[in-house]
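Have a look at the structure below, then the notes.
The values are calculated or read from the model by the stated rules, or taken from the named source; none is laboratory data. Keep in mind the model is a prediction, meaning the values are calculated, not measured. No Cβ is skipped: glycine too gets one built from the backbone with ideal geometry, and neighbour counts run over all protein chains shown.
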Amino acid sequence: MRYLTAGESHGPQLTTIIEGIPSQLSISTEKLNDSLRRRQGGHGRGRRMQIEKDLIAITSGVRHGKSLGSPICLQVTNDDWTHWTHIMGSEPLEEGMTEEDIKRKISRPRPGHADLVGGIKYQHRDLRNVLERSSARETTVRVAAGSIAKQLLEQLDIHVVGYVTTIGGIHADRSIPEILTAQEIADRANDSAVYCLDEEASGEMVTAIDAAKKAGDTIGGVVEVRVTGLPPGVGSYVHYDRKLDARLAFAMMSINAFKGVELGLGFEMANLPGSQVHDQIRYSESEGYTRETNRLGGTEGGMSTGMPIVVRGVMKPIPTLYKPLESVDIETKEVFKASIERSDACAVPAASVVAEHVIAWEVAQVLLDTFPADHLQQLKESVEARRTEAKEF
Ligand code: EPS
């Protein structure tokens, strides 16, 4: 399984082409649009989200609601494009016009963004050419690809949910998701303005976002993704590039503005003895092998244990600040203080939706590496066989 995305933030549309989804999978446009809607939400989003209404168009690979096994193409229109047709059009400039005549040319790289290094790398003197693609707008179609993966996993009783655990130094009670089902977690996250399961912390997070916005600043946070129902042995201890935990870390770090990843107790493990880190093994006829605790976050030796996967990622505060930071103009080489027109004060809630979907994609991909299948029934049988083998082992 693989996918590629294309599209600029203020271009006509975003596209993804997905390859390797088994045939015979029911694909719901409603679920796809629901994922896109959730990604657009969350307290702290800026004005751009009032312009966009992200809706999916499926243009190949699905017929009468079912996957065909051929590449699936998903497209989302940028409504803002109508304001940018001249600035972002693909046609050559009109005769006599230069890049200088185009409005919104950027020569002032924003600290913390891809602007400066991307400009050097591709020799773009108009840094808009970098900004347009490095923008988190691209996560729209990554979520769409992940929604297809989620729909595949649901058919196998594997559920993936994402939510916020920290914003701007305010922490949710980490024990809450332990006692909830995947559906309960999803419902509770949806009820919160910041997709956080802890009601009290949610309120404080909203206040913190408002305070940051008022101060012209931005704040980051931590998101957590849980995967339940994954059978044991998905991934590999044999090859470094097939390790499930390594692949999850890659997926999480591939999200715009993410700077760190941990599984289970994560970095806290540095402070604890082995006896308080590893999970003791238990056996019962009804459940097979389980672990008494889940401090390792659901993987051992690069493979799923059968316990829930618990993976967290940290998002840095968005670097587009109303409060100016110093940078250097690439034309004049003069120091300037950047002042920005439009930004999100906090996109951590939206990032929890992105994280849920990129992790779902990665899990589906590693699952299909472990159990290759052309059609859904074949995959179902392999997964069920592994569950039985694990119990009878
Ligand atoms: C983004 C800047 C803002 C965000 C955008 C990501 O967009 P604009 O520059 O148009 O105001 O709203 O996020 C999205 C468009 C999105 O769909 O999430 C950036 O610079 O990364």
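Which pairs do you get when a residue that is under 15 Å from Glu52 (Cα atoms) and of a type in the set (Lys, Arg), found in region 123-148, comes within reach of a residue that is within 14 Å of the ligand (Cβ to nearest atom) and outside any helix (DSSP H, G or I), reach meaning Cβ atoms under 6 angstrom, with the pair 6+ apart or on two chains?
Between residues of region 123-148 that are under 15 Å from Glu52 (Cα atoms) and of a type in the set (Lys, Arg) and residues that are within 14 Å of the ligand (Cβ to nearest atom) and outside any helix (DSSP H, G or I), the close pairs are Arg137/Ser9.
Listed here are the residues, each with its yes/no results for (1) surrounded by fewer than 17 Cβ atoms within 10 Å (Cβ to Cβ); (2) within 21 Å of Pro71 (Cα to Cα); (3) in contact (Cβ under 8 Å) with a residue 60 or more places away in the chain; (4) within 16 Å of the ligand (Cβ to nearest atom).
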{"position": "Pro349", "(1), (2), (3), (4)": "no, no, yes, yes"}
{"position": "Ser352", "(1), (2), (3), (4)": "no, no, yes, yes"}
{"position": "Val363", "(1), (2), (3), (4)": "no, yes, yes, no"}
{"position": "Val366", "(1), (2), (3), (4)": "no, yes, yes, no"}
{"position": "Ala373", "(1), (2), (3), (4)": "no, yes, yes, no"}
{"position": "Leu376", "(1), (2), (3), (4)": "no, yes, yes, no"}
{"position": "Glu381", "(1), (2), (3), (4)": "yes, no, no, no"}
{"position": "Ala390", "(1), (2), (3), (4)": "yes, no, yes, no"}
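Please work out which residue is nearest to Ala345 (Cα to Cα), limiting yourself to region 22-77 and to residues that are hydroxyl-bearing (Ser, Thr, Tyr) and out of contact with any Leu (no Cβ under 7 Å at 6 or more places or on another chain).
This residue is Ser35.
Just to confirm my filter: which helices (runs of 4 or more DSSP H) fall fully inside region 124-224 and include at least 3 residues that are surrounded by 23 or more Cβ atoms within 10 Å (Cβ to Cβ)?
139-154, 199-214
Which of the numbered conditions does Lys323 fail, given that it passes all the others? Conditions: (1) closer than 28 Å to Ser134 by Cα; (2) assigned to a loop (DSSP other than H, G, I, E, B); (3) charged (D, E, K, R); (4) modelled with pLDDT of 95 or more.
(4)
Please find, within region 27-78, the residue that is surrounded by the most Cβ atoms within 10 Å (Cβ to Cβ) out of those that are basic (Lys, Arg) and within 16 Å of the ligand (Cβ to nearest atom).
Looking only at region 27-78, we keep the residues that are basic (Lys, Arg), and these are 31, 37-39, 45, 47-48, 53, 63, 66.
Next, only the ones that are within 16 Å of the ligand (Cβ to nearest atom) stay: 37-39, 45, 47-48, 53.
Details: Arg37: 13, Arg38: 23, Arg39: 28, Arg45: 19, Arg47: 10, Arg48: 18, Lys53: 13.
Restricting to residues being basic (Lys, Arg) and within 16 Å of the ligand (Cβ to nearest atom), the top hit is Arg39.
Keeping to region 326-339, report how many residues are more than 16 Å from the ligand (Cβ to nearest atom), part of a loop (DSSP other than H, G, I, E, B) and not acidic (Asp, Glu).
3
Identify, by number, the condition in (1) within 12 Å of the ligand (Cβ to nearest atom); (2) of a type in the set (Val, Ile, Thr); (3) within 15 Å of the chain's Cα centre (by Cα) that Ile148 doesn't meet.
(1)
Pick from Val354, Val335, Val277: which is within 21 Å of Lys150 (Cβ to Cβ) and modelled with pLDDT of 95 or more?
After ruling out the rest, the residue left standing is Val354.
If we scan region 369-380, do we find a residue that is part of a helix (DSSP H, G or I), more than 20 Å from the chain's Cα centre (by Cα) and among the charged types (D, E, K, R)?
The answer is yes, given that some residue of region 369-380 is part of a helix (DSSP H, G or I), more than 20 Å from the chain's Cα centre (by Cα) and among the charged types (D, E, K, R).
Condition check ((1) within 16 Å of the ligand (Cβ to nearest atom); (2) of a type in the set (D, E, K, R); (3) at pLDDT 95 or above) across all residues:
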site: Glu100; (1), (2), (3): no, yes, no
site: Arg104; (1), (2), (3): yes, yes, no
site: Gly112; (1), (2), (3): yes, no, no
site: Glu138; (1), (2), (3): yes, yes, yes
site: Ala144; (1), (2), (3): yes, no, yes
site: Leu156; (1), (2), (3): no, no, yes
site: Asn190; (1), (2), (3): no, no, yes
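Arg342 passes all but one of (1) closer than 27 Å to Leu265 by Cβ; (2) surrounded by fewer than 15 Cβ atoms within 10 Å (Cβ to Cβ); (3) within 16 Å of the ligand (Cβ to nearest atom); which number fails?
The single condition Arg342 does not satisfy is (1).
Hey, does region 49-58 have a residue that's on the phi > 0 side of the Ramachandran plot, modelled with pLDDT of 95 or more and of a type in the set (Gly, Ala, Ser)?
Looking through region 49-58, none of the residues is on the phi > 0 side of the Ramachandran plot, modelled with pLDDT of 95 or more and of a type in the set (Gly, Ala, Ser).
Within region 265-278, does at least one residue satisfy the condition of being within 16 Å of the ligand (Cβ to nearest atom), closer than 30 Å to Ser135 by Cα and not in a loop (DSSP other than H, G, I, E, B)?
No, that holds for no residue.
Among Val238, Val277, which is the only one that is aliphatic (A, V, I, L, M) and surrounded by 15 or more Cβ atoms within 10 Å (Cβ to Cβ)?
Numbers: Val238 fails: surrounded by 15 or more Cβ atoms within 10 Å (Cβ to Cβ).
One residue alone meets the criteria, Val277.
Could you please find all residues in region 14-26 being surrounded by 16 or more Cβ atoms within 10 Å (Cβ to Cβ) and either in a strand (DSSP E or B) or hydroxyl-bearing (Ser, Thr, Tyr) (or both)?
Result: Leu14, Thr15, Thr16, Ile17, Ile18, Ser23.
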